[in-house]
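The values are calculated or read from the model by the stated rules, or taken from the named source; none is laboratory data. This is a predicted model, so every value here is computed, not measured. Every residue, glycine as well, gets a Cβ built from its backbone with ideal geometry; the counts of neighbours run over all protein chains shown. The protein model used for the area step is the full one, side chains on, heavy atoms only, and it has no ligands, DNA or RNA in it. Shrake-Rupley method; radii C 1.70, N 1.55, O 1.52, S 1.80 Å.
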Amino acid sequence: MINIIVLSVVGILAVLAELILPGGILGIVGALCLVSAVVMTFFEYGAAAGAGAVVVLFIFGIATLNWWMK
């Protein structure tokens with residue numbers, strides 16, 4: 001459980017940092033962390049929790065994109 005939370009937090013912070021610091025490396029690292037967190041959620045807690053994690057990350061991604069565009 002703690003690994004999933006740490007990967008999610010690191011992924012979110014890396015993606016947010018990518019909005020400020022150009023280059024692409026932080027965005028890729030953040031995306032990989034978030035995908036790893038979702039995959040770990042699927043394996044540890046099943047399909048329902050994994051699908052919930054995907055939905056939460058999708059909503060977070062849309063909200064971040066909306067914030068960045070403004």
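For region 7-64, what is the largest minus smallest coordinate of the Cα atoms on each principal axis, given in angstrom and ordered from greatest to least?
36, 19, 13
I'd like to compare 22-34, 3-15: which one has the highest average count of other Cβ atoms within 10 Å, and what's the full order after that? Intermediate values should be presented prior to the final figure.
Values: 22-34: 14.8, 3-15: 16.5.
By packing density, highest mean first, the sequence is 3-15, 22-34.
Counting only helical runs of four or more DSSP H residues, what would the 222 nm mean residue ellipticity of the chain come to if each run contributes -39,500 (n - 2.57) and the total is spread over all its residues? Please report the intermediate quantities before stating the final value.
Numbers: 3 runs with 63 residues, N = 70.
Using -39500 (n - 2.57) per qualifying helix, the result is -31000 deg cm²/dmol.
For the chain, which whole percent of the accessible surface, found with a 1.4 angstrom probe, sits on carbon and sulfur atoms?
With neighbouring chains kept in place, the figure for the chain is 82 percent.
Keeping all protein chains in place, calculate the accessible area per residue for the chain (probe 1.4 angstrom), answer in Å². Don't skip to the answer; put the middle values down first.
On the way: 4810 Å² over 70 residues.
Ligands and nucleic acids excluded, the result is 69 Å² per residue.
Mind giving me the FRET efficiency for Val56 and Ile20? R0 is 30 Å, r the Cβ-Cβ distance, nearest 0.05 is fine.
Result of the calculation: an efficiency of 0.85.
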